Number of protein chains: 2
Amino acid sequence: MTTLTGEMLIGSSSIRGSDAEFHAVNPATGERMEPAFGGGTRAEVDRACDLAWAAFDAYRETDAESRARFLEAIAQAIIDIGDPLIERAMAESGLPRARLEGERARTAGQLRLFAEVLREGSWPELRFDTPLPDRKPLPRPDLRQRHIAVGPVAVFGASNFPLAFSVAGGDTASALAAGCPVVVKAHPAHPGTSELVGRAVQAAATACGMPEGVFSMLVGTGNQIGTDLVAHRHIKAVGFTGSRRGGLALMGVAAARPEPIPVYAEMSSVNPFILMPGALARRAEAIGKGFVGSLTMGAGQFCTNPGLVLAVGGDGLDAFLAAAADALGGVQPATMLTPGIHAAYTAGLEKLAGNPTVREVGRGCACNGPNQSQAALFVTEAASFLSDPALEEENFGSSSLVVRCPDLATLRTVVEHIEGQLTATIHMEESDTGEVRALLPVLERRVGRILVNGYPTGVEVGHAMVHGGPFPATSDGRTTSVGTLAIRRFLRPVCYQDLPQALLPEALRDGNPLKLWRRVDGMLTRD
Amino acid sequence: MTTLTGEMLIGSSSIRGSDAEFHAVNPATGERMEPAFGGGTRAEVDRACDLAWAAFDAYRETDAESRARFLEAIAQAIIDIGDPLIERAMAESGLPRARLEGERARTAGQLRLFAEVLREGSWPELRFDTPLPDRKPLPRPDLRQRHIAVGPVAVFGASNFPLAFSVAGGDTASALAAGCPVVVKAHPAHPGTSELVGRAVQAAATACGMPEGVFSMLVGTGNQIGTDLVAHRHIKAVGFTGSRRGGLALMGVAAARPEPIPVYAEMSSVNPFILMPGALARRAEAIGKGFVGSLTMGAGQFCTNPGLVLAVGGDGLDAFLAAAADALGGVQPATMLTPGIHAAYTAGLEKLAGNPTVREVGRGCACNGPNQSQAALFVTEAASFLSDPALEEENFGSSSLVVRCPDLATLRTVVEHIEGQLTATIHMEESDTGEVRALLPVLERRVGRILVNGYPTGVEVGHAMVHGGPFPATSDGRTTSVGTLAIRRFLRPVCYQDLPQALLPEALRDGNPLKLWRRVDGMLTRD
């Protein structure tokens, strides 16, 4: 079960790629890990996508209970890999055991949550307009609407969640729930973890009698295989979590197709962390300490990492900075996910430190091993921030920049200035309510999730979560990649006019045979 | 009230554009109509978009009842223009009185339907995950989600529905309902109709106390003003109904922005009309007659016009062709919307007639006035159709092409071959059920609406309608531009984590104060 082969998974087959071989690298040691993986070529992209297309009509019409069991079987199969999965993921990612065990639970939980969504049954959003044969001047036809799967989906594994945003992560779970076959492009930083999870999905598909082609997994190191995948005519949507450059490239490929397709790319965010005067006056030190915990968790390698702090200068902010600097001083260096991410983070730190308008507030403990990151906090003035686009760039990792504002009006100007974000956090007391109320509309226009008196890291997987936000936080601010609403990304509506009962999908037949929520003449009902 | 000025409407002002003057042309006479309209420039685009942006936060938070009344006031104001609106629209479009009176009723009906949607209240799709403060290892926060308006929307008036898809048409109605200010680019073929309707919207906005900037209307003849509008940083989505070339151009502009935005372009469709053997055997003549009625209605200038007929050759198809040819012989020529549309249609007819693989089946009566179209039906063989992309192009107007297939397997191949479409129509008898069942999945992948034993023209405005479909029928197959689901195009989700009650939007506060449908821990409830 746990012997890795370095092969790709195409339908029920295992295939060794003929493109350049590559190895995972243990970022904590710099060592090359076995086995060698054979990178995929256009030929394997074609095979996987053709199989996915062949599976599409059958898979999207599997009943909800069968699909729910398939998702649950995947979850169980991942759990059943046992410790070898955790150990391989630790070695490939440098992430600690507890984090990966939690992420495994989250991954299984996501799959099971989408099984619940399927059983609850409102996801196809059934709508009925009852016919009015005697209406003048024209009769009203019998109109029935449901949502169906868009088609095979390309999913790109993310480096920073080798389980929960990877081969069987949220994109895959929501696409499979919607009825879309999935072709995963595994992240080359954790190919062994990907193969283990991919084989679990493959086994679950077989055990559940799903059509071959419902799942395939490709590997490779260059950009070509991903480009080929997104460009393939049988792919109808893309899920991606990663860098802005990567997301923009895929958006370009998708838009340039003869048939453009939607790309759901979750790209970059500095997640403004706003300290209101009342909160600073009352608990600057506690926030400073909590902030450093959020900033440095997982070596800062979270999409929702708080990379930008906004506050009005004064004693309260000084106290926050002192507490944060103090807390940082005790933060041990942490191994980053890949040598490339480490190099980018280090370069970003140097760039910030070398900016004459930026002052260092504090640093974590010095590094003492390969690919380690030293946490860091910097401060600049609002005027500098507003005039220097470089200061707004995300530096992926445990680095953050405090923007000191002369007053709340300037703070608001800074908020109006920044790009779209996944989250914004406000620390406030009741005395700040009026000012926060004025700020909320500005934040609503810019972010997907607004938090009060909390920390943005730790994205709850539920029904009400939004892990999304206006560009460039994502490529499509109308959606979320975490939580049950994510299924909607992979659905589209179809209307059936005057179809005989025998030809209607079961969910749309008279008498509500599946007992689902339906909107009948505009009103929700389950009768 | 009904004296036209040739001005643009920007917020509550009327402004004469300083760009090239233009006049409407009466297509039935070729005569230039008064007054001259002054085309808008970048300066007016900026003013309209800046005003829309300034209005956005206030407008999107108006309560649902106020917005519903605003939509109803627009509907009433349009009705109150009275006959001068119909007369101007007739003169500018060449469409007959009955059609335009019906379209006016439809336009008012759409606005009122969205008022109902607002009052019914489920459009913000409220979701709650109740907090679990004692959960281990981490507590679950209080998460509440609603959908909010995306921002100011650019709406492009369509030539073929001077009321229902124009200044106050479905795009405008759904965007205003969602809480989005609207900046309309009026279609230059009916600027007078547009000014009349625009002034009705403007008056309703003032009467209802809506923020200035909730509505503006620009005019102009070139592409520049539309490009500037879509490129404007304050525009966050685009609604368009028109040609494929126009839609693709706007998609390109939107994708090239520093912040890409969604474009909802409804572009081109030939709406396959499929005749199954059983239906042909039993009622070929009736279908032929009905088909010609659908083909020639409104001079064929409908998005859902049946421009492609698929059937297996034989006696039944011959009878259909004979009946259609016979019916066509009695079809009077009809004035087309504009000289440009007429020229394109005529060129398309000549191209089809000159194609050596195509044979003419029948024609309508000869033209006897300017800009008139002669209806026409052609036939070709499946093999020719499959090898000649030109035969799949839409010829906007009352022209259709029959593709004769040697057997049902080939018919299915043809269906698999065609691009995305708004609709597909099947004429069938019970004996055809098995074959149609096999065809349905193919159609579901390709179209937004499937009809049985009807005609695709005549798009019901309701809750279950889908006027959409995969590219190139539209730029975004996940949506509809007709019916109440259209509101979703202009909404995006926002999540509120641990907000104090005082800062939550009213709809999300404890106790469901607005008595709305909500999804609580995954379950729909109105309690």
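Any read-out appearing in this document is the output of simple, stated calculations on the displayed coordinates, not a laboratory observation. Model, not experiment: these values are computed from the prediction. Here the Cβ is made from the backbone with ideal geometry for all residues, glycine too, and neighbour counts use every protein chain on show.
Structural remarks
- The coefficient of translational diffusion for the stretch A:210-298, derived via Stokes-Einstein from the alpha carbon Kirkwood radius under 10 °C and 1.306 mPa s, stands at 95 µm²/s.
- Segment residue A:221-residue A:13, extension gain: residue separation times 0.36 nm, minus the distance between their alpha carbons: 72.8 nm
- The amide H of residue A:426, built 1.01 Å from its N in the peptide plane, has A:274, A:451, A:452, A:453, A:454 as neighbours under 5 Å, considering only residues 5 or more places off or on other chains.
- Cα-based radius of gyration for the stretch B:121-199, normalised by 2.2 N^0.38 Å, reads 1.77.
- Minimum Cβ-to-axis distance in chain A for the rotation onto chain B, with residue, whole Å: A:255, 3
- Pairs of Cα atoms in the stretch A:283-366 fall into 10 Å distance bins, from 0 up to the last occupied one, in shares of 16, 48, 32, 5 percent.
- Amide H contacts under 5 Å for residue B:378: B:361, B:400, B:401, B:402, restricted to partners 5 or more places along the chain or on a different chain, H placed in the peptide plane at 1.01 Å from N.
- Three semi-axes of the equivalent ellipsoid, the stretch A:272-452, Cα gyration tensor, whole Å, largest first: 26, 17, 15
- For residue A:136, a cut-off of 26 angstrom between C-alpha atoms picks up these lysines, skipping any fewer than 8 places away in its own chain: B:289.
- Label spacing, shortest first and in nm, from residue A:87 to its equivalents in the remaining copies (7 angstrom along Cα→Cβ): 9.0
- Packing, taken as the mean count of other beta carbons within 10 Å per residue, orders the peptides A:120-127, A:296-303 from highest to lowest as A:296-303, A:120-127.
- Ellipticity estimate at 222 nm from DSSP helix runs (n ≥ 4, -39,500 (n - 2.57)) divided over the protein assembly as shown, nearest 500: -12000 deg cm²/dmol
- Karplus-based coupling profile of the stretch B:466-482, in residue order and whole Hz: 10, 10, x, x, x, 3, x, 4, 9, 7, 8, x, 8, 9, 9, 9, 10, with θ = phi - 60° in 6.51 cos²θ - 1.76 cosθ + 1.60 and x standing for Gly or Pro.
- Distance between the stretch B:229-296 and the stretch A:358-382 - C-alpha centres, whole angstrom: 54 Å
- Seen from a random direction on average, the alpha-carbon convex hull of the protein assembly as shown projects onto 39.8 square nanometres.
- Mean separation of Cα contacts under 8 Å, 6 or more apart, over the residue count of the stretch A:272-452: relative contact order %: 29 percent
- Global geometry of the stretch A:1-134, whether rounded, prolate or oblate, following the gyration tensor of its Cα atoms and the 1.5 cut on a/c: oblate
- Each other residue within a Cβ distance under 15 Å of residue A:353 adds +1 if Lys or Arg and -1 if Asp or Glu, for a net charge of -1.
- Summing charges over neighbours of residue B:64, with a neighbour being any other residue whose Cβ is under 13 Å away from its Cβ, gives -1 when K and R count +1 and D and E count -1.
- Residue A:498/residue A:116 FRET efficiency (R0 56 Å; Cβ-Cβ; nearest 0.05): 0.95
- Every Cα-Cα pair of the stretch B:18-91 was included, and the share exceeding 22 Å stands at 56 percent.
- Burial ranking of peptide ranges A:312-318, B:470-476, A:171-177 (average Cβ count within 10 Å, highest at the top): A:171-177, B:470-476, A:312-318
- Close amide H partners of residue B:182, meaning residues 5 or more places away or on another chain with modelled amide H under 5 Å apart, are B:153, B:215, B:216.
- Whole-number percent relative contact order across chain A, with pairs defined as alpha carbons under 8 Å at least 6 apart: 17 percent
- Average beta carbon contacts from partner chains per residue of B:466-475, 10 Å cutoff: 4
- DSSP beta bridge pairing in chain A, given as percent antiparallel to the nearest 5: 40 percent
- For the residues of B:145-151, the average number of beta carbons from a partner chain within 10 Å of their own beta carbon is 4.
- Cα shape, the stretch A:408-527, gyration tensor, a/c 1.5 rule: prolate
- Dipole in debye (nearest 20) - chain A, about Cα centre, beta carbon charges: Lys, Arg +1; Asp, Glu -1: 880 debye
- Segment residue A:515..residue A:3, full-extension length gain: 179.8 nm, with 0.36 nm per residue of separation and the alpha-carbon distance subtracted.
- Computed P(r) (all Cα pairs; chain B; 20 Å bins; percent): 22, 50, 25, 3, 0
- Distance from the C-alpha centroid of the stretch A:104-173 to that of the stretch B:191-226: 38 Å, rounded to the whole angstrom.
- Shielding by partners for peptide B:516-525, expressed as the average number of C-beta atoms from other protein chains within 10 Å of each residue's C-beta, is 3.
- Working ranking of peptides B:47-53, A:191-197, B:506-512 by packing, defined as the average number of other Cβ atoms within 10 Å per residue, highest first, is A:191-197, B:47-53, B:506-512.
- Radius 12 Å from Cβ of residue B:279, net charge of other residues (Lys, Arg +1; Asp, Glu -1): -3
- The shape of the stretch B:1-45 comes out oblate: with a ≥ b ≥ c from the C-alpha gyration tensor, a/c is at least 1.5 while a/b does not beat b/c.
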